[in-house]
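Taking it in order: structure first as structure tokens, then the write-up.
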Amino acid sequence: MFYNRKGPRLTFLGSGNLLVPAYFGSGCRLTTWLDKKGEKDPRICCALVCELGDLVKKGVLIVIAD
């Protein structure tokens, strides 16, 4: 669940136990994170990459590059 500060909206992303709060801010790439979780299905990885990318485009998530 993500809260959009631009408006009082909540966005839900069904990811089961693949994305937990520890992922965000971990500095780990999504594909590496999913590999550590044992997720090998490329369709699931691609779907999460696309959905997170859409949340970035909408301004719900902000990417901070180091």
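The values are calculated or read from the model by the stated rules, or taken from the named source; none is laboratory data. These numbers come from a predicted model, not from an experiment. FYI the Cβ positions are ideal-geometry reconstructions off the backbone, even for glycines, and counts take in every protein chain you see.
Out of curiosity, is Asp35 outside any loop (DSSP other than H, G, I, E, B), within 12 Å of the chain's Cα centre (by Cα), of a type in the set (Asp, Glu) and at pLDDT 85 or above? Taking the combined requirement at face value, the residue does not satisfy it.
Given the residues Lys40, Lys36, Lys58, which is the only one that is touching a strand residue (DSSP E or B) at 6+ places or on another chain (Cβ under 9 Å) and of a type in the set (Lys, Arg)?
Answer to the selection: Lys58.
Among residues of the range 37-66 that are in contact (Cβ under 8 Å) with a residue 24 or more places away in the chain and more than 18 Å from Gly16 (Cβ to Cβ), those with a Cβ under 6 angstrom from a residue that is surrounded by 11 or more Cβ atoms within 10 Å (Cβ to Cβ) and hydroxyl-bearing (Ser, Thr, Tyr), sequence gap 6+ or separate chain, pair up as Val60/Thr11.
Note on the range 47-61: residues that are more than 11 Å from the chain's Cα centre (by Cα) and either in a helix (DSSP H, G or I) or exposed (fewer than 10 other Cβ atoms within 10 Å of the Cβ) (or both) total 1. Filtered by the rule that a residue be modelled with pLDDT of 80 or more, out of contact with any helix residue (DSSP H, G or I) (no Cβ under 9 Å at 6 or more places or on another chain), more than 10 Å from Thr11 (Cβ to Cβ) and not charged (D, E, K, R), the range 45-66 gives Cys46, Ala47, Cys50, Gly53, Val56, Gly59.
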